[in-house]
1. Could you tell me what fraction of 2.2 N^0.38 Å the Cα radius of gyration of region 289-363 comes to, as a two-decimal ratio?
2. Using the structure shown, select from K249/K311; K137/K324; K93/K274; K171/K200 the pairs with a Cα to Cα distance greater than 28 angstrom.
3. Can you give me the distance in nm between label points at K145 and E251, each placed 7 Å from the Cα along the Cα-to-Cβ direction?
4. Which entries of K238/K349; K117/K305; K102/K282; K233/K303; K117/K296; K102/K154 show an alpha-carbon separation above 27 angstrom in the structure shown?
5. Please quote Rg/Rh for region 195-254 to two decimal places, taking the Kirkwood radius as Rh and restricting both calculations to Cα atoms.
6. So if I take the centroid of the Cα atoms in region 279-331 and the same for region 78-118, what is the distance between those two points in Å?
7. Hey, what D do you get for region 132-245 in µm²/s if you plug the Kirkwood alpha-carbon radius into Stokes-Einstein at 37 °C and 0.692 mPa s?
8. Quote to one decimal, in nm, the extra length available between K233 and R184 on full extension: 0.36 nm per residue of separation minus the C-alpha distance between them.
Amino acid sequence: MAKKKKRKEKKESKKTEKTKKKKQEKKTGKKVKKKKKQEKKTETKGKKEKKGKKTKKKIEELIILGSGCAGMTAAIYAARADLEPLLLAGPEKGGQLIWTTKVENYPGFPEGIDGTKLTELFRKQAERFGTKVIDDKAVSFEAKKTYFNIGTEKESFKAKAVIIATGARAKMLGLKSEQKYFGRGVSTCASCDAYFFKGKDVVVVGGGDSACTEALFMAKLDINVTIIHRRDKLRASKIMQERVFKNKKIEMIWDSVVEEVLGDGTMVTGVKIKNVKTGKTKKIKCAAMFLAIGHKPNTEIFKDKIKMDNKGFIIAEDTKTNIKGVFAAGDVQDPVYKQAVTAAGSGCKAALEAEGYLAESKQ
Ligand code: NDP
């Protein structure tokens, strides 16, 4: 009987133990679950924090937009001033120089230098001093209270100061043949390319000050110039018109437009023009066609945000725009000179101005 009792007691104790264990397990299970929940919570928090870090980008001291002469020179100066600039290279890495075969008017290269090579050297020099170059283009610009927001298609950046050096593109006629012979007789820059046509016949398209300046410049190089203008009056200033009309090496063709650029497959050999009043066409022999029909600044994203002239060039005083902390350098703010060396010069000015502005705003 005692044995039976003992067995019963043992059984009961086992049962209690089991229940306890179950309870314990349940408890532990809960605890584990709780732990898991906690872990999950911590994980989520961590992820959120990580995510937060991703979107919460640091505010750069200086962002430079554009990788032509102006942007890269600004970057060299800013980097050497320890501003660690971030440069968004834009759609045309190197700017307009990449379209030029040989650059012979940039100081320091007595034998001339390939345009693309020159832009590579600019970039190397800027990177050597700590410029971070990103091969992307700005698609949005927004001035916030204490910083500027620059958006690309993929991400956005913040900066305390911005240098706009997005350049300007020379207007083209829009002909297929003009594209085909670009850099092979078709040019948008007489001061860059005229030298190669010394003693030859060329045409200049346009009727403004640029067309006249380019024609006069080339006449001095013993080049026979024919200006083709779509109207019967020049747009250029009186003094330039007088100089052109007096020059024996310059001829005028009025009321005419270029319909086609003619070539031998390698170089330009002439142009086909049409008189817009009579409809008559004719061919003119020439070794080159210089386009001087104006420039379009790359300022679309700054429209209604930064002061511009009626052609879209940014209005800047010593590179300072109407927005504090935003500077403009190079062709984007230069409707007149548009040279590699003038762009580089204004890039330097913009960097010095930006450096001063950042130092001042820290005080
Ligand atoms: P402009 O806009 O003054 O002149 C462009 C010329 O190209 C106009 O004559 C225009 O004809 C013509 N044109 C435009 N589109 C076409 C087309 N699709 N087909 C044919 N012809 C076309 O540009 P510029 O580059 O000459 O001058 C820009 C600014 O720079 C001006 O303010 C100028 O005064 C200044 N400048 C000053 C210089 C100086 O002082 N030394 C030198 C160079 C420029 P249309 O007349 O019919 O509109």
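Nothing in this text is a laboratory measurement; each read-out follows from the coordinates by a stated rule. Quick caveat: nothing in here was measured; it's all calculated off a predicted structure. Methodologically, a virtual Cβ is constructed for each residue, glycine included, from the backbone with ideal geometry; neighbour enumeration extends over all protein chains shown.
1. Values: Rg = 13.6 Å, N = 75, 2.2 N^0.38 = 11.3 Å.
Ratio of Rg to 2.2 N^0.38 Å for region 289-363: 1.20.
2. Violating the 28 Å limit, Cα to Cα: K249/K311; K93/K274.
3. If labels sit at K145 and E251, their model points lie 6.8 nm apart.
4. Details: K238/K349 33 Å; K117/K305 35 Å; K102/K282 32 Å; K233/K303 32 Å; K117/K296 25 Å; K102/K154 35 Å.
Beyond 27 Å between Cα atoms: K238/K349; K117/K305; K102/K282; K233/K303; K102/K154.
5. Values: Rg = 10.4 Å, Rh = 11.1 Å.
Value, to two decimals: 0.93.
6. Between the Cα centre of region 279-331 and that of region 78-118, the gap is 19 Å.
7. Values: Rh = 17.5 Å.
Approximately 187 µm²/s, per Stokes-Einstein.
8. Numbers: separation 49, 0.36 × 49 = 17.64 nm, distance 2.98 nm.
Result for the pair: 14.7 nm of gain on full extension.
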